[in-house]
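*Asks:* Dumping the structure here so I can ask a few things about it.
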Amino acid sequence: MDKPLILITGGGRGIGAAIALAFAQRGGCRLALSARSTDQLEATAQACEKLGVEARAYPCDVSDPDAVAALAEAVRTAQGEPDTVVNNAGYFLGKPFLELSTEDFDTVIAANLRSAFLVSQAFAPAMAERGQGTLINIASSASRKIFPGMAAYSSAKYGLLGMTRVMRQELMSQGVRVLCILPGPTLTDAWNQSGIDEATLRERLMPAEDVAQAIVNAWELPAKTVVDEIYLQPLSGDL
């Protein structure tokens, strides 16, 4: 039997790259990595291959339906049908509600919610047909908590949590596990423009590697068991 194929969107940096590396360190799998940034994506794929796993890079804007269709065809042609899909692609924009433009709102919704919808629809049917597979959606603590300046982001992440719960109910009878991971503040380059000094960020935020390890641990459970949702927070709480 082939090693399971794991597709990770937003796999070039941050939490996505950490997830890819965590699976690579575990071994016994193959990776298909997607992101818009070709250079970062290729670097992550090469780092995973150095750990001994097959890893291929597929540059793609997963908020674009045509691009996702092309991604699905490319992955199937090169590596086969994914056994697991991790919908990690996203985009953060912090802006007060009264300052948000329609373009701002649509961009955030597309990157965080529509992307997961498109990618899941591309690959979930084959999982349901064969009676097994895993979909992992990376939401946020902003899927549950309200933060000023996050009207667009919270809308997207609340929507992603809701969609994930519906997907779980609809797909469980067909043998497909659907998980939702809700990380709190995590040390990635999304905080570069926060104005908070680096020492404080490193002390207060969760390492992306910790989030990735939680995902791998949940994924490793037997096929008949699923962790519906994991809510992760830094030990010292929110900033």
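None of the figures in this text is laboratory data; all of them are computed from the coordinates on show. This structure is a prediction, so every number in the text was calculated from the model and none was measured.
*Asks:* In terms of modelled amide H atoms, which long-range or inter-chain residues lie less than 5 Å from the amide H of residue 55?
*Replies:* Sorted by chain and number, the residues that satisfy this are 31.
*Asks:* Can you give the relative contact order of the range 5-232 as a percent, counting alpha carbon pairs under 8 Å and 6+ residues apart?
*Replies:* It rounds to 19 percent for the range 5-232.
*Asks:* OK, next. Each residue of the range 93-110 in turn: what ³J(HN,Hα) in whole Hz from Karplus with 6.51, -1.76, 1.60 and θ = phi - 60°, glycine and Pro shown as x?
*Replies:* The phi angles translate into 9, x, 7, x, 3, 6, 9, 6, 8, 4, 5, 4, 4, 5, 5, 5, 4, 5 Hz.
*Asks:* While we're on this one: Classify the range 13-95 as rounded, prolate or oblate, taking a ≥ b ≥ c as the square roots of the eigenvalues of its Cα gyration tensor: rounded when a/c is under 1.5, otherwise prolate if a/b is larger than b/c and oblate if not. Provide the component values of the computation, followed by the final result.
*Replies:* Working: a/c = 1.84, a/b = 1.18, b/c = 1.55.
Cα axes put the range 13-95 in the oblate bin.
*Asks:* How compact and how long is the range 20-154, expressed as Rg and Dmax of its alpha-carbon atoms in Å?
*Replies:* In order Rg, Dmax, the Cα atoms of the range 20-154 give 16.3, 50 Å.
*Asks:* Report which label in (i) 8, 33, 39, 17, 3, 0; (ii) 7, 30, 36, 22, 5, 1, 0; (iii) 8, 30, 29, 20, 10, 2, 0 holds the value of P(r) over Cα pairs in 10 Å bins from 0, in percent derived from the coordinates of this structure.
*Replies:* So the calculated entry is the one marked (i).
*Asks:* Between helix 65-78 and the chain, what is the angle of the helix's C-alpha long axis to the longest principal axis, kept within 0 to 90° and rounded to the nearest 10?
*Replies:* The angle comes out near 40 degrees.
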